[in-house]
Structures are given as structure tokens and as C-alpha cells.
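The block underneath contains the structure these notes are about, expressed in C-alpha cells.
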Amino acid sequence: MNILVATDFSKPAQHAVELAAALAQRLGDKLVVGFALEPPVVTSPDFAVDVHALENAVSEKADARLREIVNALGAQGINAESKIVQGMAVEALCRLGHDLDARFIVAGTHGRGSLTRFFVGSVAERLVLHADRPVLVTRNDGDEGLKAWATGARPLHVAVALDMSSASGLGLAWVKELRKVTPCDVTFIHFYWPPEQLSRLGITTEDALDDADPKTVAVLMRDLKSFVGDLPGQGTVNYKIESNWGELGSHLAFAASDVDADLLILGTHQRRGLKRLWLGATVQPTLHAATVPVLCVPGTSELAVATSVPKLRHVLVATDFSS
């Protein structure tokens with residue numbers, strides 16, 4: 001298979017290329033280094049700019065930089081090639097990932113501040129929202145564990161956000177596929193809102209509002225294990241169940257660090273625009289707060305076919321005996 005890594009020749013992109021190369025070598029995949037050649041923007045017609053000449057100059061410079069990267073990877077024994085695609089970065093890279101049938105897309109993040117992100121966004125975050133396959137968002141200072149696994153220096157430990165929704169089922173399906181090809185320790189992370197569980201379970205004691213109410217945790221553990229089902233492969237399986245009273249994304253990011261995970265896996269419905277504002281989203285806040293790489297598995301991936309219709313255990317039908 002192919003792994004696509006996006007580059008703009010910045011330091012975060014260089015770091016992403018290094019991590020993607022290690023992953024490709026470990027998984028036996030071909031690495032494709034992709035660069036999006038965006039059309040130049042001419043802000044004033046008064047400037048006599050030869051747009052085609054400018055595009056050609058940028059393309060030639062990018063091609064030379066890509067050849068340097070591919071040659072360096074080849075010297076390390078890594079099967080790699082480069083691709084230049086024209087168009088706006090996110091759309092062009094998503095299209096390239098689809099055409100390559102990439103296992104996933106790797107993208108680095110510049111770590112912009114929250115205000116800048118709100119107005120501008122990042123290519124990595126927008127790839128997560130638009131790509132039809134998983135996107136691995138790398139962190140400059142938090143990828144050591146994943147890279148160490150890729151080079152064979154340590155076992156792999158992944159954390160998986162699990163709320164028993166169809167979106168979290170996507171991350172679960174990806175982990176099941178991963179454990180078919182490599183040993184992998186897994187920690188499933190679940191946060192619950194105490195008032196919701198208090199109402200659902202009919203628990204009336206004040207202890208149900210505590211961070212570690214044993215009755216609530218026991219029921220959730222039962223439900224989560226039923227949702228996960230069989231998890232073939234080698235490696236330990238653990239569950240981290242905690243209450244949550246605030247914003248979920250940052251808590252997920254901190255929990256992944258607490259369990260010393262090398263990778264955090266999230267399923268996403270890819271909510272954008274007004275849907276994100278009205279319905280909320282967990283992925284974006286998690287990406288902003290994460291200190292480890294985050295793999296986002298979209299609802300449009302092939303894994304969605306297997307997880308979109310859950311197995312029915314019981315069906316309850318209400319009636320008042322009317323027609």
C-alpha cells in the first residue's frame with residue numbers, strides 16, 4: 001500500500017516526512033511525498049506579473065526539493081517517490097490520497113495559536129475534515145514513542161477514544177485491522193457525564209456524581225466491552241473510564257498522555273461549518289491539545305461500511321394498543 005505525507009518544506013513538514021518514512025518502512029508500504037502547487041494570487045492588476053512563469057519557477061524549485069528528499073530516503077533504503085499536484089492544498093492532497101488509495105495521510109502541524117487557527121485554520125486540520133481516509137497529525141515534540149515503535153525499539157501502545165457512537169466505531173475498526181498485522185497494547189478511553197448516567201441508570205445516591213462511582217463504572221465497563229467485542233491479536237487491553245464535566249477534547253488529549261500512549265485514535269463524522277457550530281465537535285479541540293500524534297478515521301473511509309450499522313441485541317417497541 002501507499003502512505004502519503006504532505007510537505008510544504010517547513011520544519012513541521014520535515015518532521016512529518018521522517019515519521020512517515022519510519023512508518024512506511026515498518027509497514028512495508030511505499031512512501032509518497034506530496035506537494036500542492038497552489039495558484040499564485042495577484043492582488044493588483046497594476047503589477048506586470050507573468051503568472052505562468054511564476055508557476056513554473058515555483059514548480060521547478062519544488063521539484064528540486066522533492067528530489068532531494070526522495071534521494072535521501074532512498075539512501076536509507078526507503079521506497080519513496082514524489083508527486084506535485086496542482087490546486088488548493090487541502091483539495092489537491094485529498095484527491096491525491098484518494099487516487100493513491102493511501103493507507104493514511106500524514107501531515108505536520110505548525111502549532112498556531114487558537115485565534116490564528118480560528119480565522120485561518122491549518123492544512124492538517126482541514127485535511128482531517130475533508131479527506132476520505134485516515135489522517136495522521138504529527139507533533140514535533142511528541143512523536144518519539146511512535147517513531148520508536150516504527151524502528152522496532154519498543155512495543156506499540158495506542159489510546160482509542162470510545163463513546164459507543166458510530167464515529168468511535170471507526171477508530172475501533174481501525175485498531176482491529178492494526179492488531180492483525182502487529183502486536184499492539186490498547187487503552188480504550190471513555191468519558192461520561194454524571195447527570196446523564198444518573199438519569200439513565202436510575203442511581204439516586206450522591207456518590208453517582210463522584211469521579212469514580214463504582215456502580216456507574218461497572219455498567220459502563222460492561223457496555224464498552226460489549227461494544228468492542230472480540231479484539232484479536234497480541235497485546236494488552238485496558239479501559240480508562242472517567243467522569244467529565246467540561247470540554248471533552250482536551251480531556252481526551254490529556255488522558256492519552258496519562259496512559260503513556262504513542263498514538264491517539266479518533267473516529268470522526270467530519271462535521272464542518274454550521275454543523276460543527278451547532279452540533280459541536282471533539283476532534284478539533286483534541287488536535288489542539290494533543291501532545292502525541294492523533295490518527296483521525298473519517299466516516300467516509302472504507303471502514304465506515306462495516307461499522308455504520310451496529311448489531312442489534314434488543315428491540316423495545318412501545319404500545320398503547322391503538323392502531
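Computed over the stretch 1-110, the Cα gyration tensor eigenvalues convert (square root of 5λ each) into semi-axes of 28, 14, 11 Å, ordered from largest to smallest. Close amide H contacts of Ser82 (hydrogens built in the peptide plane, cut-off under 5 Å, sequence separation of 5 or more or a different chain): Val33. Peptides 126-139, 145-158, 78-91, 59-72, ordered by how many other C-beta atoms sit within 10 Å of their residues on average, highest first, read 126-139, 145-158, 78-91, 59-72.
Straightening the chain between Lys240 and Met164 buys 26.0 nm, computed as 0.36 nm per residue apart minus the Cα-Cα spacing.
Residues in the stretch 97-104 carry Karplus couplings, in order, of x, 5, 5, 7, 6, 5, 4, 6 Hz; the curve used is 6.51 cos²θ - 1.76 cosθ + 1.60 with θ = phi - 60°, and Gly or Pro positions show x. Packing, taken as the mean count of other beta carbons within 10 Å per residue, orders the peptides 160-169, 236-245 from highest to lowest as 160-169, 236-245. Label positions at Asp230 and Glu177, each projected 7 Å from the Cα along the C-beta direction, are separated by 1.9 nm.
Using only Cα atoms, figure out Rg for the stretch 142-203 and give it as a multiple of 2.2 N^0.38 Å. Show your work: numbers first, answer last.
Details: Rg = 15.7 Å, N = 62, 2.2 N^0.38 = 10.6 Å.
So the Cα radius of gyration is 1.49 times the expected 2.2 N^0.38 Å.
With θ taken as phi - 60° and the Karplus curve 6.51 cos²θ - 1.76 cosθ + 1.60 applied, the whole-hertz 3J(HN,Hα) list for the stretch 158-169 is 10, 9, 10, 6, 9, 10, 6, 8, 5, 5, 5, x Hz, x standing for glycine and proline. Its residues counted as N, the stretch 1-43 yields a C-alpha radius of gyration over 2.2 N^0.38 Å of 1.41.
No value in this document is a laboratory result; all are computed from the given coordinates. Since the model is a prediction, treat every value here as computed from it, not as a measurement. Cβ coordinates were reconstructed from backbone atoms using ideal geometry, including for glycine residues, and neighbour counts include every protein chain displayed.
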